[in-house]
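Okay, structure first, notes after.
Coordinate-derived values only; no laboratory data. In this text the structure is predicted, and so the values were computed from the model without any measurement. Using ideal geometry, Cβ is built from the backbone for each residue, glycine included, and neighbour counts are taken over all protein chains shown.
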Amino acid sequence: MNEKKRFIIVDDHTIVRKGLRTLLAQNPNFEIIGEGADGLEAIRLVEQLEPDLLIIDLSMPKMDGTMAIKEIKKQKPKTRILVLTMYNTEDNILAALRGGADGYLLKEDSHTELLNAIDSILAGKLYLSPGILGMVVKGYVEAKKTFHLTSGWDSLSQREKEVLKLIAEGYKSKEIADQLYISIKTVEKHRSHLREKLNLHNTSALTKYAIEKGLVKE
């Protein structure tokens with residue numbers, strides 16, 4: 001016989017908690033062991049009862065769900081957490097996931113979607129509402145672009161930027177060395193650092209990047 005999965009439900013609306021309890025009670029393998037109405041209660045209940053899964057809203061009094069998730073994951077990292085909320089903005093979604101949420105579902109989603117989310121999360125997988133999946137993927141792609149174009153740039157030294165500019169202007173290593181009064185070996189070292197930091201591995205890509213950053217004109 002399978003051991004029951006133990007759940008805690010935290011939402012500041014009583015009718016939501018009762019509705020979830022009624023729905024989940026239909027599954028003989030699920031057991032609701034606690035309910036709460038704010039983030040502080042969520043932390044206390046998880047600490048005391050150590051559930052398999054916490055279902056939590058985001059907007060609540062005393063402490064919001066996002067802050068509670070972060071604290072719970074610090075104290076009880078093995079506790080799985082499903083956000084169930086009405087908020088579908090990118091800021092809320094990413095904040096919850098960065099805080100440690102294992103799933104994000106919208107209250108407008110179906111009962112079937114909820115059960116699918118629970119099964120996936122308890123199996124150790126990340127679950128996202130179909131209504132927000134596209135948004136999260138888009139945000140991830142944009143973040144990757146920003147990381148490479150912004151963070152890489154910020155990591156460059158002033159001398160590396162000077163070398164990049166000269167590379168983009170078509171100068172060879174010996175010519176760059178002569179202009180900057182450094183050795184060819186040092187120029188090659190700067191070239192290597194540029195390729196590594198920017199993840200750009202040929203002169204054409206470095207030149208395009210320098211143009212994008214306004215170091216040289218097309």
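What to note about this one:
- Amide proton proximity set for residue 5, modelled H, under 5 Å, gap of 5+: 30, 31
- Computed from the C-beta positions of residue 123 and residue 47, the FRET efficiency with R₀ = 35 Å rounds to 0.90.
- Residue 212 versus residue 86: modelled label distance in nm, points set 7 Å from Cα along the beta carbon direction: 4.1
- For region 155-212, the calculated P(r), taken from all Cα-Cα distances in 10 Å bins from zero up to the bin holding the longest distance, is 25, 63, 12 percent.
- Ellipsoid fit via the Cα gyration tensor, the chain: semi-axes of 53, 16, 15 Å, each the root of five times an eigenvalue, largest first.
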